[in-house]
Amino acid sequence: MLYRRSVHETGTVGSEESMMTTEQFDREKVYRVTLAIAKTMLKKGLITEQEYKKIDGMMLEKYRPLLGVVWR
C-alpha cells in the first residue's frame with residue numbers, strides 16, 4: 001500500500017534516477033498484460049506466430065512502453 005500511496009502522491013514510479021510517470025507505468029502494464037494474453041493464445045494454438053508478432057507490433061505502436069522493448 002505504501003507503494004500505491006507514493007505513486008499517487010508523486011505521480012511517478014521508481015527512484016529519482018529512473019522516474020516513470022503514472023501514465024507511463026499504466027501503459028507498460030497494459031502492454032505487458034496484453035502480450036501475456038497473446039502469448040497464452042499462441043501456446044494454445046489459437047493464434048499463429050505471425051499473428052502474435054502482429055499483435056506485438058500493434059501494441060508497441062499503441063502503448064509505446066518504455067521497458068516493453070527490453071522485456072520482449
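The values are calculated or read from the model by the stated rules, or taken from the named source; none is laboratory data. Fair warning: this is a prediction, and the values are worked out from it, not measured in the lab. Positions of Cβ are backbone-derived with ideal geometry, glycine not excepted, and every protein chain shown enters the neighbour counts.
Among the residues that make up the range 40-59, is at least one of them within 8 Å of the chain's Cα centre (by Cα), hydroxyl-bearing (Ser, Thr, Tyr), assigned to a helix (DSSP H, G or I) and surrounded by 11 or more Cβ atoms within 10 Å (Cβ to Cβ)?
Of the range 40-59, the ones within 8 Å of the chain's Cα centre (by Cα) are none.
Among the residues of the range 40-59, not one is within 8 Å of the chain's Cα centre (by Cα), hydroxyl-bearing (Ser, Thr, Tyr), assigned to a helix (DSSP H, G or I) and surrounded by 11 or more Cβ atoms within 10 Å (Cβ to Cβ), which makes the answer no.
Out of all the residues in the range 10-17, is one or more part of a helix (DSSP H, G or I), more than 14 Å from Arg64 (Cα to Cα) and either modelled with pLDDT of 95 or more or touching a helix residue (DSSP H, G or I) at 6+ places or on another chain (Cβ under 8 Å) (or both)?
Taking the range 10-17 first, the residues part of a helix (DSSP H, G or I) are 10.
Keeping just the survivors that are more than 14 Å from Arg64 (Cα to Cα) gives 10.
Subset that is either modelled with pLDDT of 95 or more or touching a helix residue (DSSP H, G or I) at 6+ places or on another chain (Cβ under 8 Å) (or both): none.
Within the range 10-17, none of the residues are part of a helix (DSSP H, G or I), more than 14 Å from Arg64 (Cα to Cα) and either modelled with pLDDT of 95 or more or touching a helix residue (DSSP H, G or I) at 6+ places or on another chain (Cβ under 8 Å) (or both).
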